[in-house]
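Engineer: Quick one: the structure is below, and I'll ask about it shortly.
Only the coordinates and a few stated rules stand behind these numbers; no lab work does. Computed from a predicted structure; not experimentally measured. Here the Cβ positions follow ideal geometry from the backbone for every residue, glycine too, while neighbour counts run over all protein chains shown.
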Amino acid sequence: MSRSTRDNAAVGLDTQPVLTVTGLRRAFGGVRAVDRVEFSITPGEFVSIIGPNGSGKSTTVNLISGVLKPDAGTILVHGRRIRLGNPEAAAAAGIARTFQNGRVFGDMTVRENVDVGLQTTLRASRPLRSVANIPVLKWMSLLAELGVALAPTPAVRAERRASQTRIDAQLARFDDRLIPRADNPAYTLSYANRRRTEIARALASEPGLLLLDEPAAGMNQTETAEIGRQLAELKAQGQTVLLVEHKMDLVHDLSDRVLVLDEGRIIAAGTPDEVLDDPRVIEAYLGRSRAGGKVAVDA
Ligand code: ADP
Ligand code: MG
């Protein structure tokens, strides 16, 4: 159970959606990348976004995670509006993500990369965290963190031990792929292992909502099946997920609900079977090329 799910249970808000987006819009020049997108995700739900290349999937993820600022719309996390276009606000609200093109810090070890994900939840070693966003006061926060680093208090030492346990738990999700490489710099990793490290990093913050932008992109069939099993396990553990994915087998097997984007708009939504049989979806994927057949995209 994720931290936020636990928090909600405590205050009786379990039925509140984890995420609600309304009227989300973002244009690039004349291109309406995301055009009045609206949807909610309930606790523990596994929702996927599919759609042709350029249909606005990554832009949607970028808007929700604060990497991009919408032109219009609201984003609510557990019923509370979050500051738009602000990655720190999204992270503080419990949103973690991975990137379509994969982003790890090459010079840092696997373990250090995952530790970055933990930083959003640490308290004791960041005593003045709340003032860190106020420019004039920023140095105070840094100074306090430096003091803690030089002379760790018992609370900080305990927190570090707990951090290592949490990092190990995330690495262990990927069987023997990451654990033997935990102290190797990320630049030495295979492409698939970098993607796994990125997922472990996102999970380290125990996010209320995990956003995955094509986690299986560039993976071969065996690796894709493996990541599918690991995502299924996450789902079984109650993790709320928004997945963007081209590989339809993965989407079909994992999703409670699928949203289909085309030219920035949601053109269909439903169970995987409903959506993949929907003529509008087949048209969106194949209409322009008239290639015929059903949706079995693996771009
Ligand atoms: P998808 O992830 O579904 O393939 P994107 O969300 O990446 O699609 O892109 C949606 C549309 O917005 C595309 O036409 C793309 O070219 C455009 N777009 C996305 N990001 C940018 C950007 N940073 N600058 C300009 N155009 C962009
Ligand atoms: Mg994309």
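Engineer: Give, in nm to one decimal, the length gained when the segment between Q237 and T188 is fully stretched (0.36 nm per residue of separation minus the Cα-Cα distance). Don't skip to the answer; put the middle values down first.
Structural biologist: On the way: separation 49, 0.36 × 49 = 17.64 nm, distance 3.08 nm.
That works out to 14.6 nm of additional length.
Engineer: Under 13 Å from the Cβ of E274, count the other residues' Cβ atoms, weight Lys and Arg +1, Asp and Glu -1, and hand me the total.
Structural biologist: On the way: positive: R257, R280; negative: D256, D273, D277, D278.
Residues near E274 contribute -2 overall.
Engineer: How high is the FRET efficiency between V31 and R103 when r is their beta carbon distance and R₀ equals 25 Å, given to the nearest 0.05? Intermediate results must be reported in sequence, preceding the final value.
Structural biologist: On the way: r = 24 Å, r/R0 = 0.96.
FRET efficiency, V31 to R103: 0.55.
Engineer: Would you mind checking which residues have amide H under 5 Å from D262's amide H? H placed 1.01 Å from N; only 5 or more apart, or other chain.
Structural biologist: Amide H neighbours of D262: I267.
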